[in-house]
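The values are calculated or read from the model by the stated rules, or taken from the named source; none is laboratory data. Computed from a predicted model, the values in this text were never measured in an experiment. Every residue, glycine among them, receives a Cβ derived from its backbone with ideal geometry; neighbour counts consider all protein chains shown.
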Amino acid sequence: MNDNRVRELIIVGGGPAGYTAALYSARANLEPLVIEGFQWGGQLMITSDVENYPGFAEGIMGPQLMADFRRQAERFGAEFIADDVTRVDFSEQPFRVWVGDDEYRAQSVIVATGATARQLGLESERALHGRGVTYCAVCDAAFYRDKEVVVVGGGDSAMEEAIFLTKFASKVTVLHRRSEFRASPIMFDRARANEKIEFLTPVVVEEALGAEEGKLTGVQVRNVETDEVSVVPAEGLFVAIGHDPSTKLFVDHLDHDDEGYLINQPGSTATNIEGVFAAGDVVDHVYRQAVTAAGMGCMAALDAERWLAAREGHPESALSAPRA
């Protein structure tokens, strides 16, 4: 199918950033097409309790939160395609976006494809995801008050996660496959000085224990030098070995850093190509929170709407007026 219309806006991605951009742009009568991905909803679709999103005093399930985001944008006229973008062409106007053989065209595009946390690749890890295995200390640390937890990783992120967890957990054990750490000296020194943090090296995680009980009970590790196998008791396993931005489709078109995260213009969500904007975890490797992604989605919609208005000779956009 070839859709002959040239839309005002296509949004690629269906997480907090993409859905918030859809909501704002739909309310501005841009009639956005949201190509949200086959696995729509982003990382919150595999998150159980969300207790740190404003407005939900009792918390909310991640999939329910994303379904509500989506329904709210749909209420104002956003159109959705629950499939993956397979190719883009930003070399000329109108921009072209493909889903398989189906082509869609638009004057502007918002990229909000997010990022994915790297996993250990264990079947038991997947089985206990949300039942003791997690990838975000800021999101989930409060569930582990006065409990023993482990953090896997050796970089700054792992040290930051471990230090943050000490505000809640009774003990934090950092597991790393090498005796030396990639973390900066200052971050490693801060972690080492914390009396709640212990280090176990050089080990690799072989199994997350507790699948039969339905919750994590410990971590089986193997010393890479001696092959000795041991068990570290823990009720929480925080995997902090990095994230990968979902930018493979865009790196040939848009400026990006060495890790693949897209680079925006200072003070804006605009990319190096006029009319293409980026929001959420696809550009953010610092905060990586649903609320910050949603905020950037709002910014991208505002930027896109104002860019479209200026392009059409209307300096005042529909979203320019201050609003509560």
Residue in the range 235-253 that is in contact with an Asp or Glu (Cβ under 6 Å, 6 or more places away or on another chain) and either not charged (D, E, K, R) or not assigned by TED's automatic domain parsing to the domain that holds V149 (or both) present: yes
Of all residues in the range 114-154 being assigned to a strand (DSSP E or B), under 18 Å from D244 (Cα atoms) and not small (G, A, S), the one that is modelled with the highest pLDDT: V152
Residues of the range 163-183 that turn out to be over 22 Å from S230 (Cα atoms) and either among the polar types (S, T, N, Q) or not in a loop (DSSP other than H, G, I, E, B) (or both), as a count: 4
Check on A67, outside any loop (DSSP other than H, G, I, E, B), surrounded by fewer than 20 Cβ atoms within 10 Å (Cβ to Cβ) and not β-branched (V, I, T): yes
Options A117, A127, A211, A191: the member that is buried (at least 20 other Cβ atoms within 10 Å of the Cβ) and in contact (Cβ under 8 Å) with a residue 12 or more places away in the chain: A191
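Given R118, R87, R70, which one is basic (K, R) and over 18 Å from the mean Cα position of the chain (by Cα)?
Of the residues listed, the single one that is basic (K, R) and over 18 Å from the mean Cα position of the chain (by Cα) is R87.
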Residues of the range 30-51 classified as at pLDDT 85 or above and loosely packed, with under 15 Cβ neighbours inside 10 Å, total: 0
Subset of the range 221-243 [assigned to a strand (DSSP E or B) and within 24 Å of the chain's Cα centre (by Cα)]: G236, L237, F238, V239, H243
Residue among A300, A234, A310 that is among the aliphatic types (A, V, I, L, M) and surrounded by fewer than 17 Cβ atoms within 10 Å (Cβ to Cβ): A310
Filtered residue count, the range 174-188, keeping only those that are surrounded by 19 or more Cβ atoms within 10 Å (Cβ to Cβ) and in contact with a Pro (Cβ under 9 Å, 6 or more places away or on another chain): 1
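Okay, residues lined up against (1) surrounded by fewer than 17 Cβ atoms within 10 Å (Cβ to Cβ); (2) assigned by TED's automatic domain parsing to the domain that holds I263; (3) touching a Gly at 6+ places or on another chain (Cβ under 7 Å):
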position	(1), (2), (3)
D101	yes, yes, no
R105	no, yes, no
S108	no, yes, yes
A112	no, yes, yes
C139	no, no, no
A142	yes, no, no
V152	no, no, no
M159	no, no, no
Residue within the range 73-86 that is in contact with a Ser or Thr (Cβ under 6 Å, 6 or more places away or on another chain) and crowded, with 16+ Cβ neighbours inside 10 Å present: no
